[in-house]
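One structure below.
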Amino acid sequence: MKFNNLNVFVSPKAYIGKNVKIGDNTSIYDHVRIEDNTIIANNCVIGEPTNDYYFNPDYKNQETVIGPNSLIRSHCIIYSDCKFGDSFQAGHRVTIREKTTFGKSCRVGTLSDIQGHSSFGNNCWLHSNVHIGQKSTIGNFVFIYPYVVFTNDPTPPSNVCIGPTVGDYSQIAVFCVLLPGVKIGKHCLVGAGSIVGKDISDYQLVLGNPAKVVKDVREVKSRQTGESHYPWPLRFERGMPWEGIGFENWEKEQ
């Protein structure tokens with residue numbers, strides 16, 4: 001464990017693995033587990049107590065786990081009772097609320113806000129300024145681009161909370177809004193600026209306000225080759241577990 005500089009607080013009830021680096025002015029609360037080779041940058045809070053801490057004298061922080069080889073950049077706040085798989089990365093000033101789980105090799109971009117009680121699969125990439133409302137469910141290899149909002153109250157204000165669901169390999173382009181409870185299938189593309197209020201089946205390109213099905217996503221052609229670009233894992237491998245071997249070969253090994 002390495003404390004780079006000054007004003008680092010680590011609870012005696014926290015676990016810090018091997019070769020962990022912690023920057024200035026960072027606080028690590030009770031029952032946080034930070035696995036090996038992880039970097040926590042300056043001015044971060046890990047295991048932030050939930051609202052109950054301020055009113056319940058018997059409050060106890062739930063376990064927070066940061067997987068090995070992770071990088072949490074400066075000014076991030078991660079609440080207690082969150083779980084992150086191997087090689088998680090967060091940009092600057094990210095907030096992730098309680099009861100959020102991420103699989104391995106996920107990324108959350110700068111100024112994103114995850115409101116908790118949500119789950120993400122493996123290899124999800126959230127770009128900057130993404131807002132995910134509570135009770136959202138995101139599959140594996142889902143990319144969510146800047147200024148996307150997942151909503152969850154069908155009749156605001158109410159006590160109902162139903163977040164969107166997004167299937168594996170789907171892409172949610174910039175400035176999209178997913179309305180409460182909508183289900184996006186696998187290998188879908190939601191075009192920029194769309195507002196999605198109805199369920200979308202697998203392999204669909206949807207666009208507009210309200211979003212409507214335009215075509216089967218496999219009919220979308222690459223501007224470089226003129227061939228079908230989707231399913232995108234057959235055409236894109238940067239940073240993916242099939243890099244260098246191809247998606248089909250990787251899939252056979254799973």
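The values are calculated or read from the model by the stated rules, or taken from the named source; none is laboratory data. From a predicted model like this one, the values you see are computed outputs, not experimental measurements. Positions of Cβ are generated from backbone atoms using ideal geometry, with glycine treated the same way; all protein chains shown enter the neighbour counts.
If I go through segment 97-124 residue by residue, how many of them are assigned to a strand (DSSP E or B) and buried (at least 19 other Cβ atoms within 10 Å of the Cβ)?
Pass one, segment 97-124, residues assigned to a strand (DSSP E or B): 100-102, 107-108, 113-114, 118-120.
Filter again for buried (at least 19 other Cβ atoms within 10 Å of the Cβ), leaving 100, 102, 107-108, 114, 118, 120.
The number of residues fulfilling the criteria is 7.
For residue 7, are the conditions met, namely being more than 19 Å from residue 81 (Cβ to Cβ), surrounded by 14 or more Cβ atoms within 10 Å (Cβ to Cβ) and assigned by TED's automatic domain parsing to the domain that holds residue 72? Break it down into steps so the answer makes sense when it comes.
Details: more than 19 Å from residue 81 (Cβ to Cβ): yes; surrounded by 14 or more Cβ atoms within 10 Å (Cβ to Cβ): no; assigned by TED's automatic domain parsing to the domain that holds residue 72: yes.
When the stated conditions are applied, residue 7 does not pass them.
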> When residues of segment 1-23 are filtered for being touching a strand residue (DSSP E or B) at 6+ places or on another chain (Cβ under 8 Å), among the hydrophobic types (A, V, I, L, M, F, W, C) and part of a loop (DSSP other than H, G, I, E, B), how many remain?
Replying inline: 4
>> Please count how many residues of segment 51-88 are touching a strand residue (DSSP E or B) at 6+ places or on another chain (Cβ under 7 Å) and over 18 Å from residue 119 (Cβ atoms).
In response: 6
> Hey, among the residues in segment 198-254 that are within 25 Å of the chain's Cα centre (by Cα) and β-branched (Val, Ile, Thr), which one's farthest from residue 175 (Cα to Cα)?
Replying inline: 217
> Can you pull out the residues in segment 24-79 that are assigned to a strand (DSSP E or B) and among the basic types (Lys, Arg)?
Replying inline: 33
> If you scan segment 145-176, which residues turn out to be closer than 18 Å to residue 108 by Cα and of a type in the set (A, V, I, L, M)?
Replying inline: 148, 149, 166, 172, 173, 174
>> Contact list please: Cβ distance under 8 Å, first residue in segment 238-254 and within 15 Å of residue 142 (Cα to Cα), second residue of a type outside the set (A, V, I, L, M, F, W, C) and modelled with pLDDT under 95, pairs at least six apart or on different chains.
In response: none
>> Filter segment 187-235 down to the residues that are surrounded by fewer than 18 Cβ atoms within 10 Å (Cβ to Cβ), of a type outside the set (A, V, I, L, M), assigned to a loop (DSSP other than H, G, I, E, B) and modelled with pLDDT under 95 and list them by number.
In response: 222, 223, 224, 225, 226, 227, 235
